[in-house]
Amino acid sequence: MSFRGVRGAITIDEDSVEAILSATRELLTALIEANGIREEDVASAIFTTTPDLTAIYPARAARDLGWTQVALIGCQEMQVPGGLPRCIRVLIHWNTPKSNHELKHVFLRDAVHLRPDLHVQES
């Protein structure tokens with residue numbers, strides 16, 4: 001097994017508890033399904049939000065999904081002129097036999113513009 005990191009991001013329309021938790025659950029579910037991630041293989045996850053999102057920590061959504069033994073932390077992204085607003089990002093570190101080329105990074109809604117080179121069209 002190797003230690004890998006997989007990225008994901010999603011945007012939301014408003015700074016509310018429900019919007020942040022719902023979008024983060026959607027993003028985590030998509031990453032889990034796309035990569036076959038099992039909670040017991042996850043070492044840690046870093047969640048970031050743009051400065052305009054302050055209603056709740058997005059890591060709470062991972063706890064709600066049952067990630068009770070995973071190290072989680074939340075941080076705030078830099079405020080960069082022209083940066084994507086109302087964006088939640090996650091970086092999951094986990095043990096997997098997959099190579100870096102097999103990882104499926106997930107960018108949803110307007111976050112597809114962050115890494116168009118990694119965006120996979122849904123079928």
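Identify all residues within segment 43-63 that are of a type in the set (A, V, I, L, M) and within 13 Å of the chain's Cα centre (by Cα); write none if there are none. Spell out how you get there, then give the answer.
Just the residues of segment 43-63 that are of a type in the set (A, V, I, L, M), to begin with: 43, 45-46, 53, 55-56, 59, 61-62.
Result: 45, 46, 59, 61, 62.
Working only within segment 49-70, note down all residues that are among the small types (Gly, Ala, Ser) and over 28 Å from residue 95 (Cα atoms).
Going through segment 49-70, the residues among the small types (Gly, Ala, Ser) turn out to be 55, 59, 61-62, 66.
Within segment 49-70, just 55 meets the criteria.
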Count - residues of segment 11-35 that are touching a residue at least 40 places away in the same chain (Cβ under 8 Å) and either out of contact with any Asp or Glu (no Cβ under 9 Å at 6 or more places or on another chain) or over 12 Å from residue 105 (Cβ atoms) (or both): 16
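We did not get these values from a lab; they are worked out from the coordinates using the rules stated. Bear in mind the structure is a predicted one, so any value in this text is a computation, not a measurement. Glycine gets a Cβ as well: all are built from the backbone with ideal geometry, and neighbour counts include every protein chain shown.
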